[in-house]
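Novice: Sharing a structure with you now.
Please treat every number below as a calculation from the coordinates, not as lab data. These figures come from a predicted structure and were not determined experimentally. A quick note on method: Cβ atoms are made from the backbone with ideal geometry, for glycine too, and the neighbour counts reach across all protein chains shown.
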Amino acid sequence: MANNIALAQNYTDLLDEIFKWASVTNDLTSPSELIREGQEAHTIVYPQIEMNGLGDYDRNNGYVNNSVTVAWKTAEFNYDRGTKISVDVMDNEESRMIAFSRAGGELMRTKVAPEADAFTFAQLAGTTGISMGTPADLTSATVLDALYQATVKMDEDEVPAEGRLLYITPTLRKAVVMLDTTKSREILGYFSRIIEVPQTRFYSAIDLLDGKSSGEEIGGYAKADAGKKLNFLVVEPSALIKWDKHTASDIIPAANNPDADADILKYRKYGIVDVYKNKVAGIYASTATT
């Protein structure tokens, strides 16, 4: 059994590495020290700090009194997804032991990472109160102005400039790069990092398919009817909470499987993506018209 445990741990580490490589939203994961367990198992609490501004200084009485309030806000976990893969030991052996390992790797690369990214972007873009550009099907002729408007809006809202991340479709990113002008280079320089996001995981709203209802048997996600394609999303990471409370990648060897002569991989991801209510200005979304 010890060998099985060691094998399972090594395999879990491998799957985790594949996920990190395939995901484009790892930079948005929140520091764990900002997260506390809520009174109920399905909730967390996070700090929100508020204080008054300056007042007139009085030469006789000195300073006006200020107050600092650290309020712990409660939020519910909003992502709980999982699946189970079973591979017959003979199928695995006859494929020279790659069927099971390849299946796990493909799960992370083609299913888990894209869905986690799509959920993150949809949650951020769907948050009430964030800054939104006018919906438009951007081209090389219009994308620079849209990016400029985004930076101006965030500057006016006093969002810190040094940590802004630009998530943008490959098509629009390359359209800007191909312009190769002083203006295009300057505007791209407004962002600390630029990350290309495939359009297939870049929507303002998605539906998570349950994997069992009629028409949803394939699982995964799909663009919601009310959703639109995202052109780009500008994010200041401290504006959001993105945290996985529980991630399970368990392997059950065929010898311990009472139902079939097959190795089983169980995968579950339970977490939250949310935006601090007093930091909605740290998110700017540009959507297409559809």
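Novice: Applying the Karplus parametrisation 6.51 cos²θ - 1.76 cosθ + 1.60 with θ = phi - 60° to the phi angles of segment 111-127, what ³J(HN,Hα) value in whole Hz is obtained for each residue in order, glycine and proline being reported as x?
Specialist: Karplus values, whole Hz, x for Gly and Pro: 10, 5, 4, x, 5, 4, 5, 4, 5, 4, 5, 5, 5, 5, 5, x, 6.
Novice: Next question. Against the longest alpha carbon principal axis of the chain, how many degrees, from 0 to 90 and to the nearest 10, is the axis of helix 170-179 turned?
Specialist: Its long axis makes an angle of about 50 degrees.
Novice: Springs between alpha-carbon pairs under 10 angstrom, Gaussian network model over the chain: which of 218, 130, 272 fluctuates most?
Specialist: Highest fluctuation of the listed residues: 218.
Novice: Still on this structure, please answer the following. Place +1 on the Cβ of every Lys and Arg and -1 on the Cβ of every Asp and Glu in the chain, take the dipole about the Cα centre, and give the residue among 246, 43, 116 whose Cα lies farthest towards its positive end.
Specialist: Of the listed residues, the answer is 116.
Novice: Let me ask another. May I ask you to evaluate 6.51 cos²θ - 1.76 cosθ + 1.60, the Karplus curve with θ = phi - 60°, for each residue of segment 206-211 and list the ³J(HN,Hα) values in order in whole Hz, giving x for glycine and proline?
Specialist: Going residue by residue, I get 10, 10, 8, 7, 7, x Hz, with x marking Gly and Pro.
Novice: Helix 2-22 versus the longest principal axis of the chain: what is the Cα-based angle in degrees, 0 to 90, to the nearest 10?
Specialist: The answer is roughly 40 degrees.
Novice: What does the charge dipole of segment 2-287 about its Cα centre add up to, to the nearest 20 debye, if the Cβ of each Lys and Arg holds +1 and the Cβ of each Asp and Glu holds -1?
Specialist: The dipole of segment 2-287 has a size of about 560 debye.
Novice: Measure off 7 Å from each Cα along the Cα-to-Cβ vector at residue 244 and residue 136, then give the distance between these two points in nanometres to one decimal.
Specialist: Between residue 244 and residue 136, the label points sit 3.8 nm apart.
Novice: Provide the gained length on full extension for the span residue 32 to residue 161, in nm with one decimal, where the gain is 0.36 nm per separating residue minus the Cα-Cα distance.
Specialist: In short, 44.1 nm is gained.
Novice: Going by amide H atoms built from the backbone, whose H comes under 5 Å of the H on residue 132, apart from near neighbours?
Specialist: Residues meeting the amide H criterion: 285.
Novice: Under the definition of Cα pairs under 8 Å and six or more residues apart, what whole-number percent is the relative contact order of segment 2-287?
Specialist: 26 percent.
Novice: Can I ask one more? For a test of the definition: using alpha carbon positions, the gyration tensor, and the 1.5 limit on a/c, classify the chain as rounded, prolate or oblate. Walk me through the numbers before you get to the answer.
Specialist: Working: a/c = 2.45, a/b = 1.52, b/c = 1.62.
It comes out oblate by the Cα gyration axes.
Novice: What are the residues whose amide H is under 5 Å from the amide H of residue 228, where those residues sit 5 or more places off or on another chain and H is modelled from the backbone?
Specialist: 204, 205
Novice: To continue, here is another question. Quick check: the angle from helix 143-156's long axis to the longest principal axis of the chain, C-alpha only, nearest 10 degrees?
Specialist: With both axes taken from Cα atoms, the answer is about 60 degrees.
Novice: Could I ask something else about it? Give the calculated FRET efficiency between residue 59 and residue 277 to the nearest 0.05, with a Förster radius of 41 Å applied to their Cβ-Cβ distance.
Specialist: Values: r = 39 Å, r/R0 = 0.95.
It comes to 0.55.
Novice: Pulled fully out, how much extra length does the chain show between residue 78 and residue 205, if you take 0.36 nm times their separation in residues and subtract their Cα-Cα distance?
Specialist: 44.3 nm
Novice: Enumerate the lysines that residue 84 could reach by cross-link, defined here as Cα to Cα under 26 Å, with residues fewer than 8 away along the same chain left out.
Specialist: By straight Cα distance, residue 84 reaches 20, 111, 212, 223, 242, 245, 266, 269.
Novice: Of the chain, which part is the longest with no GluC sites (Glu not before Pro) in a loop (DSSP not H, G, I, E, B) and with at most 14 other C-beta atoms within 10 angstrom?
Specialist: Here the longest run is 41-157.
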